[in-house]
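The values are calculated or read from the model by the stated rules, or taken from the named source; none is laboratory data. Everything numeric here is computed off the predicted structure, so don't read it as measured data. Heads up: the accessible areas ignore ligands, DNA and RNA and are worked out on the full protein's heavy atoms, side chains in. Shrake-Rupley method; radii C 1.70, N 1.55, O 1.52, S 1.80 Å.
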Amino acid sequence: MSKFKLKDTIDRLIYRGFNILSELLFYIKRNERALVAKNVQYKGKHRGEKFFILGNGPSLNTLNHQYYDYISKHISFAVNLFYRNDKFPEFEPTYYAMVDPLSITKAYESMYTEFNDKYKNSTLIADYRAKELVDKLDRRNRSIYLYSKKFPTDHIECDISSNSFITMNVVSTCILTAIYMGAKEIYLLGTDYNSFASRSDVHFYKEEEGLNRKIENRLGYQLKYYHITTEFHYLIAKLAKKKGVKIVNLCETSLLDAYPLGRFEDLMNNIIPNE
């Protein structure tokens, strides 16, 4: 056994123990269990429907009104600072995920407000620890809270009504949520997935307009982070195949290889391949 395989084996054993402890802690947290149990109402809610998940990569700047009009006819997810998109103010996503690591801190308070002011009808997806911040908004119970404490080892699941899996990537969280909701087809946009290989902007908005925080830009950190999140995407791809869900990455320049690439134009012309 090579040193790499030995390390992977040890890591899996450690994380399996971690997951057992995580489940035990979740079991004794009555309030948290009751909060996320409400998510069962979304199980199969959009069964058989087509989903679009919009990441915040710079390729989003290539979309025009025709694309957004098409997306608006289906179930859509936007994430984190997508509300900074001023080009198409009439577009409103069905769901909006804000699960950045800072989303549970007061640093995000103004961003929740800005999101809420722009997207009154979007259902918010947030970490359960952000509930206090979200409760300050007039959401009329249009919020989904996630308790994600399990670390994927050799598989991943999509149940968001219990202790769900850590993804370290908001697009991954949206994919799992879409599968839970009964998606038949999932299409990814703005998933450039290449910040580790680029010195230019890694989002469709200017970086100075984003979160005011120190961003770890060292190549070693970026490669390690992307390695972990990519392995999670591979597990998600296996889960989707098992459940008969088609996932296509419509960002043609994306470096994410867990899902087949496609072209938006082909989708609109009904010539996207099944595999």
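Short-range pairs are left out: with C-alpha atoms under 8 Å and at least six residues apart, the relative contact order of segment 1-98 is 21 percent.
Along segment 186-192 the Karplus relation, 6.51 cos²θ - 1.76 cosθ + 1.60 evaluated at θ = phi - 60°, assigns HN-Hα couplings of 10, 10, 9, 9, x, 9, 4 Hz to successive residues, with x for each Gly and Pro. Both radii are taken from the alpha-carbon atoms of segment 1-80; with Rh as the Kirkwood radius, Rg/Rh is 1.18.
Send over the Kirkwood Rh of segment 122-196, from the inverse of the averaged 1/r over different Cα pairs, rounded to one decimal Å. This gives a value of 13.9 Å. Rolling a 1.4 Å probe across the protein heavy atoms gives segment 17-131 an accessible surface of 49 Å² per residue.
Longer than 30 Å from Cα to Cα, which of LYS7/LYS206; LYS3/LYS43; LYS106/LYS238; LYS45/LYS206; LYS45/LYS238 are they? Say none if no pair is. Don't skip to the answer; put the middle values down first.
Working: LYS7/LYS206 39 Å; LYS3/LYS43 42 Å; LYS106/LYS238 37 Å; LYS45/LYS206 36 Å; LYS45/LYS238 22 Å.
Flagged as over cut-off: LYS7/LYS206; LYS3/LYS43; LYS106/LYS238; LYS45/LYS206.
Give the average over all directions of the projected area of the C-alpha convex hull of the chain, one decimal, in nm².
Values: hull surface 60.3 nm².
Reported value for the Cα convex hull: 15.1 nm².
One quarter of the convex hull surface built on the alpha carbon atoms of segment 45-203 amounts to 9.9 nm², the projected area averaged over directions.
Relative contact order of the chain, please, whole-number percent, based on alpha carbon pairs below 8 angstrom and at least 6 residues apart.
That works out to 23 percent.
Remark on segment 36-114: ratio of C-alpha radius of gyration to 2.2 N^0.38 Å is 1.23. Calculate log10 I(q)/I(0) of segment 46-85 for q = 0.14, 0.25 Å⁻¹, where I(q) comes from the Debye formula with a single equal point scatterer on each Cα and nothing for solvent. So the normalised log intensities are -0.33, -0.95. A straight chain from THR113 to TYR70 at 0.36 nm per residue would run longer than the Cα-Cα distance by 12.7 nm.
Give me the percent of accessible area attributable to carbon and sulfur for segment 221-260, probe 1.4 angstrom. Using a 1.4 Å probe with all protein chains present, segment 221-260 comes out at 56 percent carbon and sulfur. Computed 3J(HN,Hα) for segment 226-242, one whole-Hz value per residue from the Karplus formula 6.51 cos²θ - 1.76 cosθ + 1.60 where θ = phi - 60°, is 5, 4, 5, 5, 5, 4, 5, 4, 4, 5, 5, 4, 5, 4, 4, 4, 4, glycine and proline marked x.
Shape annotation for segment 81-136: C-alpha extents along the principal axes are 30, 18, 18 Å, from largest to smallest.
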